[in-house]
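Step one of this worksheet: look at the structure below.
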Amino acid sequence: QVQLVESGGGLVQAGGSLRLSCVVSGSIFRLNAMGWYRQAPGKQRELVASIQSGGSTSYADSVKGRFIISRDNVKNTVLLQMNSLKHEDTAVYYCNMKSVWGDVYWGQGTQVTVSS
């Protein structure tokens, strides 16, 4: 059974940093594309950052230069380092995995709240 377990959310002041972690089990992690999405109240879920199996990354314009996505294929973990946080980064953040067979999996979400 595939599981994605996120951690690292919390409350931080504007300008601060947080690091989100997502540990994957039950899948051949190194073959899969990973991503972080977020959903703010009243808004649609949006892609924040993604990293492919080969390590290439992409970011939403709103987080470029502030967020860094990375992966550790030994620990089956994907990280999202979030720096210079803004109030508008407040959302529930979800870990996402797309397997090579086209299956999509989600974590349970972790709340990030940035106080202004």
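The values are calculated or read from the model by the stated rules, or taken from the named source; none is laboratory data. Remember, it's a predicted structure, so these values are computed and weren't measured experimentally. Reconstructed Cβ throughout: ideal geometry from the backbone, glycine too, with neighbour counts over all protein chains shown. Just so you know, the surface numbers come from the protein's heavy atoms only, side chains and all, with ligands and any DNA or RNA stripped out. Shrake-Rupley method; radii C 1.70, N 1.55, O 1.52, S 1.80 Å.
Could you state the accessible area per residue of the chain in Å², with a 1.4 Å probe and every protein chain left in place?
Heavy-atom accessible area per residue stands at 53 Å².
Set the Förster distance to 30 Å, then compute FRET efficiency between ILE68 and GLN44 from the Cβ-Cβ distance, nearest 0.05.
On the way: r = 24 Å, r/R0 = 0.80.
FRET efficiency, ILE68 to GLN44: 0.80.
Sum up the charges of everything whose Cβ sits under 12 Å from the Cβ of GLN52, counting Lys and Arg as +1 and Asp and Glu as -1, but leave GLN52 out.
+3
Size of region 1-67 along its principal axes in angstrom, Cα-based, largest extent first?
Reported extents, whole Å, longest axis first: 37, 24, 23.
Rounded to the nearest 0.05, what FRET efficiency is calculated for SER99 and VAL5 with R0 set to 22 Å and r the Cβ-Cβ distance?
With a Förster radius of 22 Å, E is 0.85.
Please state the relative contact order of the chain as a whole percent: Cα pairs under 8 Å, 6+ residues apart?
36
Roughly speaking, to the nearest percent, how much of the chain's 1.4 Å accessible area is carbon and sulfur?
Carbon and sulfur together cover 50 percent of it.
By DSSP, what percent of the beta bridges with both residues in the chain are antiparallel, rounded to the nearest 5?
90
May I have the count of lysine pairs in the chain with C-alpha atoms under 24 Å apart, counting pairs 8 or more residues apart or located on different chains?
Lysine pairs meeting the criterion: 6.
For ARG19 and GLN52, FRET efficiency with R0 = 22 Å and r from the beta-carbon atoms, rounded to 0.05?
Details: r = 21 Å, r/R0 = 0.94.
In this case the efficiency is close to 0.60.
State the extension gain, in nm to one decimal, for the chain segment bounded by GLN81 and SER115, taking 0.36 nm per residue of separation less the distance between their alpha-carbons.
10.5 nm
Would you kindly derive the ³J(HN,Hα) couplings of region 22-28 from the backbone phi angles with the Karplus curve 6.51 cos²θ - 1.76 cosθ + 1.60 (θ = phi - 60°), listing them in order in whole Hz, with x for Gly and Pro?
Working through the residues one at a time gives 9, 9, 10, 10, x, 8, 7 Hz.
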